[in-house]
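Inspection log for the structure reproduced underneath, given as structure tokens.
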Amino acid sequence: MELSQELLDRLLAESLRARDLAHAPYSKYRVGVAILDEQGRIHVGANMENASFPQGWCAEPSALTAMIMAGGKRAVAALVTGPGPDIITPCGGCRQKLREFSVPEELVIIAGDPGGIRQRWTLAELLPLSFGPDHLKF
Ligand code: THU
């Protein structure tokens, strides 16, 4: 899917809006994600921490769950925003979760922060030689 400047601007705004709603009182590291699905729709999520620390979860599964519940099948772009200035990249577990609902060569992961978009990769670049659903079709 063509990622026009207008679409990138919308994804950044939605990701930052989600980031504002993050529940991260322990790490203070707020993360927002805006996922573009195969139908061109945007779904958002944020990290949700917990007083029982290991029970918290990342922004990516929040956004993926919103996509699936809305009937989306495939993530084609995911714009992840952190606080900056360091460039945020999805953690290892989140790369694998994104893998479940994407074609790794197609899914574009975009890193941003309140200052704007910083960098982009395909999921295939961030998670090479990935294990995915096709491995279980034996
Ligand atoms: N976090 C995410 O939401 N996504 C990532 O890919 C990296 C880390 C969250 C988890 C935790 O709430 C906070 O950032 C600090 O690790």
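Every number in this text was worked out from the coordinates using simple rules, so none of it is lab data. Note that the structure is predicted; figures quoted are calculated from it, not measured. Cβ placement follows ideal geometry from the backbone for every residue including glycine, while neighbour counts extend to all protein chains displayed.
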> Once the other residues with Cβ under 12 Å from the Cβ of Glu100 are scored (Lys, Arg +1; Asp, Glu -1), what is the net sum?
Replying inline: +3
>> Contact order normalised by length for the chain, with contacts defined as Cα pairs under 8 Å and 6 or more residues apart; what percent is it?
In response: 19
> Quick one: if the Förster radius is 22 Å, what FRET efficiency do Arg41 and Leu21 give, using the C-beta to C-beta distance and rounding to 0.05?
Replying inline: 0.75
>> Less than 11 Å Cβ to Cβ from Ile42, Lys/Arg counted +1 and Asp/Glu -1: what total charge do the surrounding residues give?
In response: +1
> Quick one: Cα centre-to-centre distance for segment 116-132 and segment 1-67, in angstrom?
Replying inline: 17
>> Taking a virtual spin label 7 Å from the Cα of Asp134 along the C-beta vector, which residues in segment 79-119 bring their backbone nitrogen under 18 Å of it?
In response: 96-108
> Within segment 68-88, what residues put their amide N at less than 12 Å from the label point 7 Å along the Cα-to-Cβ vector of Glu106?
Replying inline: 73-77
> By how many nm would the segment from Lys28 to Met48 grow when fully extended, if each residue of separation counts as 0.36 nm and the alpha-carbon distance is taken off?
Replying inline: 6.1 nm
>> Placing +1 on the Cβ of each Lys and Arg and -1 on the Cβ of each Asp and Glu in segment 5-136, which of Gly45, Ser130, Ala34 has its Cα farthest towards the positive end of the resulting dipole?
In response: Gly45
> Using the Karplus equation 6.51 cos²θ - 1.76 cosθ + 1.60 (θ = phi - 60°), what ³J(HN,Hα) coupling, rounded to whole Hz, does each residue of segment 117-125 give in order, writing x for Gly and Pro?
Replying inline: 7, 10, 7, 9, 9, 8, 4, 4, 6
